[in-house]
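The values are calculated or read from the model by the stated rules, or taken from the named source; none is laboratory data. Model, not experiment: these values are computed from the prediction. Reconstructed Cβ throughout: ideal geometry from the backbone, glycine too, with neighbour counts over all protein chains shown. Ligands, DNA and RNA are excluded from the accessible area calculation, which covers all protein heavy atoms including side chains. Shrake-Rupley method; radii C 1.70, N 1.55, O 1.52, S 1.80 Å.
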Amino acid sequence: MPNRPLNVGLVGGGRGAFIVHPHQKAIHFDGTRRVVAGALFPDPKIALEEAAKWPYPIKGYGSYDEMIAANRDLPEDQKLDYVLIVTPNFVHFDPAMKAMKAGIAVFCEKPLCLNLKEANDLVRTSRKLKIPFGVAHTYLGHWTSRFSRYIVRSGLIGEVRWADSYYLQGWLATKLEATGQQQATWRVDPKRAGGSGCGGDIGTHALMQLRYVTGLDVTHVSAQLERYVEGRLLDDHFTVYGKLSNGGKALVRASQICIGHKNDLGLEVAGTNGTLCWRQEEAESVTVHLSNQPDRVYWRGAVTPGDGFLPKNVPADLMAEPTIPSGHPEGFHDAFARLHRCFEVDVRKWKAGEPFTNDGSKYASVEDGWMGIAFIETCVKSSAKKGAWAAMPKRI
Ligand SMILES: NC(=O)c1ccc[n+]([C@@H]2O[C@H](COP(=O)([O-])OP(=O)(O)OC[C@H]3O[C@@H](n4cnc5c(N)ncnc54)[C@H](O)[C@@H]3O)[C@@H](O)[C@H]2O)c1
């Protein structure tokens, strides 16, 4: 394809929307991608008004159907290279399917969709059409997540015995949805959020972080989905004891009622030689504890291969990934930018007719999204049987 910035179309993002904003900043981070169009709201009139108010000029559409249909007749340099889906969970499947079928790559928010049937269809369609599909598991984009993955997956802390992956928040400790707060109202509604509230919303991030860093799958779950705020239909507290594919065990837990916790996503991995600890609220460093040795704190951008713990041959692409020197903090937007940057590489290869494979090492794949949905469905079943062990479905 010609050397021009990739064109991105938004599905969702108008009127008080949240996650579109970190995304749109991240899309523009490198100057090689730009938002050019959007179907920003379910009501067509408001969608056009919202597009007209966007902070920079974009082409507004009354619906994503219109945006996708119009794309067919645009000149090559104006065609959408990918859509970014930032709608509530119940509006992921339909625009993702329609975009893929119209030959537009998809970057979709998590959880991938509402249920396993939809997830199966999305995986099969993206494979059949050989089209790039990314899922926005933000936290894989922190350099320290990449580094943690390298440490654990290369065996530097030994065989994984145990992991604790958690995502704790406190913002739904009261009945916030009763005030009409936009982000709360759809998240507590099974029709719009899916079969699990807290688990689907942030438990899927905890699962993804665990799988990404360890390379292990959760094979069986014993789950307790609990509701602490009266009148809620979905869980606001989610605790899962899991068996790992290497025989180890893990806790995957999430809560929205833990007052004081903001976006407290963290992972501890205990191996036979050491323990690795990572927290997204302090994502500039990773701590490694080894028996009878001082703790090692590794800062992004200040890592020395061959230091007595790290081998000399830490992969060059990992070492080259930081964007600014250590001490100038990266954060949430940088993590999103790293995901969009890596997705861009695959979209450009695909557009040029070159082979591309998303092995999940740079951004979450549609198969990773599938795994999140399979996990939620299995946890819902286990919890309905008072935490009885339930096996995860086989990968498709
Ligand atoms: N990756 C992350 O860290 C992260 C963080 C927050 C939210 N999310 C996910 O992002 C998605 C959106 O969450 P949010 O908190 O930004 O929600 P939000 O309610 O703030 O925004 C949703 C937007 O979608 C629009 N919308 C709804 N139906 C639409 C339709 N048919 N056509 C066009 N627009 C439509 C709404 O008008 C709104 O602009 C959810 O799937 C959520 O799970 C991910």
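Odds and ends about this structure:
- Checking Arg161 against (1) touching a Gly at 6+ places or on another chain (Cβ under 6 Å); (2) crowded, with 24+ Cβ neighbours inside 10 Å, the condition it does not meet: (2)
- Close contacts from segment 113-141, counting a first residue that is within 16 Å of the ligand (Cβ to nearest atom) and a second that is open to solvent by less than 30 Å² (accessible area, probe 1.4 Å) and among the charged types (D, E, K, R), with Cβ to Cβ under 6 Å and a gap of 6+ residues or different chains, come to Val135/Lys110; Val135/Asp368; Ala136/Glu109; Ala136/Lys110; His137/Lys110; Gly141/Arg338.
- Pick from segment 91-133, criterion touching a Cys at 6+ places or on another chain (Cβ under 7 Å) and assigned to a helix (DSSP H, G or I), ranking: nearest to Ala374 (Cα to Cα): Ala119
- Those strands (runs of 3 or more DSSP E) of segment 1-90 in which 2 or more residues are touching a strand residue (DSSP E or B) at 6+ places or on another chain (Cβ under 9 Å), free of Cβ contacts under 8 Å to residues at least 60 places away in the same chain and away from the ligand (no atom under 14 Å from the Cβ) occupy 33-39.
- Here is the figure for segment 333-346: residues that are in contact with a Ser or Thr (Cβ under 7 Å, 6 or more places away or on another chain) and either of a type in the set (Phe, Trp, Tyr) or away from the ligand (no atom under 13 Å from the Cβ) (or both) total 3.
- Listed conditions (1) under 24 Å from Lys362 (Cβ atoms); (2) touching an Asp or Glu at 6+ places or on another chain (Cβ under 7 Å); (3) open to solvent by less than 70 Å² (accessible area, probe 1.4 Å) are all met by Trp299, apart from (3).
- Every condition in (1) of a type in the set (S, T, N, Q); (2) surrounded by fewer than 21 Cβ atoms within 10 Å (Cβ to Cβ); (3) not in a loop (DSSP other than H, G, I, E, B) is met by Asn246 except one, and the failing one is (3).
- Residue in segment 128-145 that is open to solvent by 20 Å² or more (accessible area, probe 1.4 Å) and under 30 Å from Ala283 (Cα atoms) present: no
- Under the condition of being surrounded by fewer than 20 Cβ atoms within 10 Å (Cβ to Cβ), within 14 Å of Arg341 (Cα to Cα) and basic (Lys, Arg), the residues counted in segment 1-52 number 2.
- Evaluated against (1) in contact (Cβ under 8 Å) with a residue 40 or more places away in the chain; (2) farther than 30 Å from Pro311 by Cα; (3) surrounded by 20 or more Cβ atoms within 10 Å (Cβ to Cβ); (4) out of contact with any strand residue (DSSP E or B) (no Cβ under 6 Å at 6 or more places or on another chain), Ala105 falls short on exactly one condition, (4).
- Whether a residue is more than 16 Å from the ligand (Cβ to nearest atom), closer than 21 Å to Gln169 by Cβ and open to solvent by less than 50 Å² (accessible area, probe 1.4 Å) was assessed, and Cys277 passes this test.
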